Amino acid sequence: GLKTTCIEKRGTLGGTCLNVGCIPSKALLHSSHMYHEAKTSFAHHGVKISNLEVDLPAMMAQKDKAVAGLTKGIEGLFKKNKVTYVKGFGKLTSPSEVSVDLVDGGNTVVKGKNIIIATGSDVKSLPGITIDEKKIVSSTGALCLSGIPKKMVVIGAGYIGLEMGSVWNRLGTEVTVVEFAPDIVPSMDGEIRKQFQRMLQKQKMKFMLKTKVVGVDTSGDGVKLTLEPAAGGEQSILEADIVLVSAGRTPYTAGLGLDAIGVEMDKAGRILVDKRFMTNVSGVYAIGDAIPGPMLAHKAEEDGVACVEFLAGKEGHVDYDLVPGVVYTHPEVASVGKTEEQVKASGIAYRVGKFPLMANSRAKAIDDAEGMVKVVADKETDKILGVHIMAQNAGEIIHEAVLALQYGASSEDVARICHAHPTVSEALKEACLQTHSKAIHI
């Protein structure tokens with residue numbers, strides 16, 4: 001019921017996620033997986049193909065069509081809900097005024113009783129490495145390469161780097177992932193992470209962990225990276241056609257006029273807010289990647305809904321302990337709640353139930369049985385504390401676990417629910433049974 005204006009500098013709606021993030025990357029992940037399956041698995045299933053080849057422009061066109069359709073869909077939702085759409089770069093000149101440099105030229109001032117900063121995040125650069133989106137690319141550039149590179153180096157072994165590395169690896173690029181930390185995806189459960197890395201290595205992705213980039217030379221045809229061990233030591237040279245910098249993201253809060261009106265931020269540039277998402281300046285709110293918390297589109301969406309519910313005089317709530325995370329590789333890795341390491345560190349007595357997909361009939365029937373489901377439950381109360389899934393479509397299965405954790409379910413509660421057979425989801429039921437050593441199929 002509130003009169004609403006949305007100011008957006010890109011000229012297309014949907015932010016990073018829809019334009020240069022989640023959506024186009026999932027399109028390419030799916031297309032590249034289809035090619036990889038056709039190349040490596042179809043014959044085993046009795047489907048023979050000759051002269052198989054990648055048509056990269058067609059693959060990119062499919063991705064662009066999906067993005068265009070969804071951005072236009074949001075414009076349609078704006079019209080339906082009578083939201084005014086202003087295309088331009090906004091800057092706060094007071095707690096109730098935004099000066100907008102319009103995309104088409106000129107300037108306008110938008111006045112509002114409440115202002116929500118929802119500017120998201122930008123690619124984090126690394127010292128001494130200049131992203132030119134030609135040879136040294138961000139995830140944005142990695143989504144629209146004009147050809148398939150022979151060699152690619154990915155700097156950073158987080159969600160984004162592993163997903164984009166997987167796309168080009170499947171299409172025939174030799175991919176090496178360089179990571180300063182001793183592990184890939186540090187937020188992941190340790191046991192799942194080890195198995196996940198083995199799977200990616202089986203797919204011919206290479207890893208150089210505990211390694212830092214100390215020099216970059218782009219003077220030749222490709223890129224020469226000078227590497228050395230994170231702890232110091234002998235240097236080595238790694239050559240690539242393309243280098244993808246995937247060292248995380250940083251809040252997009254500079255240049256918005258926040259300093260001038262006195263909005264408090266932390267050292268990382270994140271806007272500090274209270275539980276109602278209000279900053280220290282009355283009438284100015286912030287959500288999503290611009291504030292502390294996991295930098296995920298679905299978390300930002302929940303922030304936005306809760307923030308506006310507060311503005312409308314209702315109650316809003318986001319449980320940051322129950323935001324699911326998904327890596328959209330193949331197999332996918334999805335998790336919610338605490339890892340075994342976190343539970344152990346908290347001192348809670350716990351039980352673990354694990355079930356391998358090798359014992360799941362649906363996974364075996366479709367010949368896609370790499371992975372497992374792991375459930376961590378409180379030993380005394382049996383309350384589920386964390387669920388970690390590595391499987392094809394793990395990102396879909398995880399929501400049963402999110403629901404279970406949200407309502408304080410025990411592993412027995414989930415184990416007693418009838419699951420359709422044959423489904424990969426049965427592996428979650430079996431893992432819950434196994435927290436009591438009662439799994440049926442192992």
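The values are calculated or read from the model by the stated rules, or taken from the named source; none is laboratory data. Because the structure is predicted, anything quoted here is derived from the model rather than measured. In this analysis, Cβ positions are derived from the backbone assuming ideal geometry, glycine residues included, and neighbour counts consider all displayed protein chains. With ligands, DNA and RNA removed, areas are computed over all heavy atoms of the protein, side chains included. Shrake-Rupley method; radii C 1.70, N 1.55, O 1.52, S 1.80 Å.
From the list K314, K267, K275, exactly one residue is assigned to a loop (DSSP other than H, G, I, E, B) and over 21 Å from I115 (Cα atoms). Which is it? I'd like the intermediate steps shown before the answer.
Working: K314 fails: over 21 Å from I115 (Cα atoms); K275 fails: over 21 Å from I115 (Cα atoms).
From the options K314, K267, K275, the qualifying one is K267.
Restricting to the range 420-442, name every residue that is hydrophobic (A, V, I, L, M, F, W, C), under 15 Å from G371 (Cα atoms) and either open to solvent by 10 Å² or more (accessible area, probe 1.4 Å) or out of contact with any helix residue (DSSP H, G or I) (no Cβ under 7 Å at 6 or more places or on another chain) (or both). If you could, list the steps in order and put the result at the bottom.
Residues of the range 420-442 hydrophobic (A, V, I, L, M, F, W, C): 420, 424, 427-428, 431-433, 439-440, 442.
Keeping just the survivors that are under 15 Å from G371 (Cα atoms) gives 424, 427-428, 431, 442.
Selection gives V424, A431, I442.
For the range 78-102, name all the residues that are open to solvent by less than 90 Å² (accessible area, probe 1.4 Å) and under 29 Å from the mean Cα position of the chain (by Cα).
Correct list: F78, V83, Y85, V86, K87, G88, F89, G90.
What number goes with the only condition from (1) open to solvent by less than 30 Å² (accessible area, probe 1.4 Å); (2) at positive phi that G128 does not pass?
In the conditions (1) open to solvent by less than 30 Å² (accessible area, probe 1.4 Å); (2) at positive phi, G128 misses (1) alone.
Kindly indicate whether any position in the range 371-378 is at negative phi and either of a type in the set (S, T, N, Q) or not in a strand (DSSP E or B) (or both).
No: zero hits.
Looking at the range 318-372, which of its residues are among the polar types (S, T, N, Q) and surrounded by fewer than 18 Cβ atoms within 10 Å (Cβ to Cβ)? Working first, answer last.
Within the range 318-372, the subset among the polar types (S, T, N, Q) is 329, 335, 339, 342, 346, 360-361.
If the condition is that a residue be among the polar types (S, T, N, Q) and surrounded by fewer than 18 Cβ atoms within 10 Å (Cβ to Cβ), then Q342, S346, S361 are the ones that fit.
Quick one: would you say A181 is outside any helix (DSSP H, G or I) and more than 30 Å from V352 (Cβ to Cβ)?
no
Of the residues in the range 205-229, how many are open to solvent by 30 Å² or more (accessible area, probe 1.4 Å) and among the aliphatic types (A, V, I, L, M)?
5
What number of residues within the range 174-187 are in contact (Cβ under 8 Å) with a residue 60 or more places away in the chain and out of contact with any helix residue (DSSP H, G or I) (no Cβ under 7 Å at 6 or more places or on another chain)?
First, the residues of the range 174-187 that are in contact (Cβ under 8 Å) with a residue 60 or more places away in the chain: 176, 178, 185, 187.
Those left that are additionally out of contact with any helix residue (DSSP H, G or I) (no Cβ under 7 Å at 6 or more places or on another chain): 176, 178, 187.
Result for the range 174-187: 3.
Only residues that are in a loop (DSSP other than H, G, I, E, B) and either open to solvent by 70 Å² or more (accessible area, probe 1.4 Å) or not assigned by the TED database to the domain that holds V352 (or both): list them for the range 385-419, please. Reasoning before the result, please.
Applying the first criterion (in a loop (DSSP other than H, G, I, E, B)) to the range 385-419 yields 392-393, 407-409, 416-419.
Answer for the range 385-419, where residues must be in a loop (DSSP other than H, G, I, E, B) and either open to solvent by 70 Å² or more (accessible area, probe 1.4 Å) or not assigned by the TED database to the domain that holds V352 (or both): N393, Y407, R416, I417, C418.
Each row is one residue, and each column tells you yes or no for (1) hydrophobic (A, V, I, L, M, F, W, C); (2) at pLDDT 95 or above; (3) closer than 16 Å to H441 by Cβ.
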{"position": "G337", "(1), (2), (3)": "no, yes, no"}
{"position": "Y350", "(1), (2), (3)": "no, yes, no"}
{"position": "L357", "(1), (2), (3)": "yes, yes, yes"}
{"position": "A363", "(1), (2), (3)": "yes, yes, yes"}
{"position": "I366", "(1), (2), (3)": "yes, yes, no"}
{"position": "A369", "(1), (2), (3)": "yes, yes, yes"}
{"position": "V373", "(1), (2), (3)": "yes, yes, yes"}
{"position": "K383", "(1), (2), (3)": "no, yes, no"}
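Hey, any hits in the range 149-164 for a residue that's outside the structural domain of A58 (by the TED database), charged (D, E, K, R) and in a loop (DSSP other than H, G, I, E, B)?
Filtering the range 149-164 down to residues outside the structural domain of A58 (by the TED database) leaves 149-164.
Cutting the leftovers down to charged (D, E, K, R) gives us 150-151, 163.
Filter again for in a loop (DSSP other than H, G, I, E, B), leaving 150.
The answer is yes; a qualifying residue exists.
Out of E302, E315, which single residue is more than 23 Å from the chain's Cα centre (by Cα), charged (D, E, K, R) and open to solvent by 20 Å² or more (accessible area, probe 1.4 Å)?
Going through E302, E315 in turn, the sole match is E315.
Given the structure, is L227 of a type in the set (A, V, I, L, M, F, W, C) and part of a helix (DSSP H, G or I)?
no
Checking L2 against (1) open to solvent by less than 40 Å² (accessible area, probe 1.4 Å); (2) touching a Lys or Arg at 6+ places or on another chain (Cβ under 9 Å): exactly one of these is not met. Which one?
(1)
Take I115 and decide whether it is open to solvent by 40 Å² or more (accessible area, probe 1.4 Å) and in contact (Cβ under 8 Å) with a residue 24 or more places away in the chain.
no
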